[in-house]
Ligand SMILES: CC(C)(COP(=O)(O)OP(=O)(O)OC[C@H]1O[C@@H](n2cnc3c(N)ncnc32)[C@H](O)[C@@H]1OP(=O)(O)O)[C@@H](O)C(=O)NCCC(=O)NCCS
């Protein structure tokens, strides 16, 4: 239990550069106070002591301005920054390392009993004032922009902004991975053996260039399709495929003999 408490306190240091020491965090962070009240209320809720659990949650709300239903399930290292106006509904499930800012609602859109609030994946960040409404999933690592209203599932790693929420940064899709793999095999070097975490600037630049080439290819293909609707003869043939020998110079140089 104390290990978990230490994690909750440390998560404040990791996510708020203004936090200076443990005493300051324990005394001045309403998000932490609300979470500690919630951990206790949730335990009582699980024991079937529902009235007392709700009452503790209400007291926490009076003191912090953060309303967390005791039935909500919250993972480790949860952090609410500033906090005022946060509402978390009964059937919400929150993973580990999630961050919420002030004014966030994790709410429902129906009066039906049963699951009616969102499930928030690990590492999700929800910006100030955002509303996530309904029993769908926000995938791990997603970001929800401040003041967005999200009513549909969000894929892992996506960034969603606006009303209604729209995806501005697409998650890395399997299709893209496959295309990159094919391209790298044809080109004879392993740009994509490099994971995103590796800070090799050349590999990252190559990766960006390949992504850009694919985007341009898609755009041209769509333009060709539109032109073919006007003139069915237009550019009906496929593009010539890249040949292995086109990349011999890359492979010849793999022993580093060229300057
Ligand atoms: C959503 C968010 C994570 C995106 O950050 P990012 O990946 O760095 O994205 P950018 O800032 O480059 O913005 C990308 C585009 O989305 C738009 N955008 C970003 N956040 C937006 C928001 N909340 N609502 C509407 N549009 C938004 C930008 O204007 C930009 O549009 P453009 O491409 O037409 O210029 C960030 O903007 C955000 O809202 N974070 C929450 C921060 C917060 O609540 N802080 C509270 C501190 S008290």
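Any read-out appearing in this document is the output of simple, stated calculations on the displayed coordinates, not a laboratory observation. Quick caveat, the model's predicted, so the values are computed rather than measured. When we count neighbours, we look across all protein chains shown, and the Cβ atoms used for this are built from the backbone with ideal geometry, even at glycine.
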Tell me the label-point distance for the pair residue 115, residue 151, using the 7 Å Cα-to-Cβ offset, in nm and rounded to one decimal.
2.1
Quick shape check on the stretch 9-145: root eigenvalues a ≥ b ≥ c of the Cα gyration tensor, a/c under 1.5 is rounded, otherwise prolate if a/b tops b/c, else oblate, and it reads oblate
Residues of the stretch 1-32 with the amide nitrogen closer than 14 Å to a label point 7 Å from the Cα of residue 43, along Cα-to-Cβ, please.
1-6
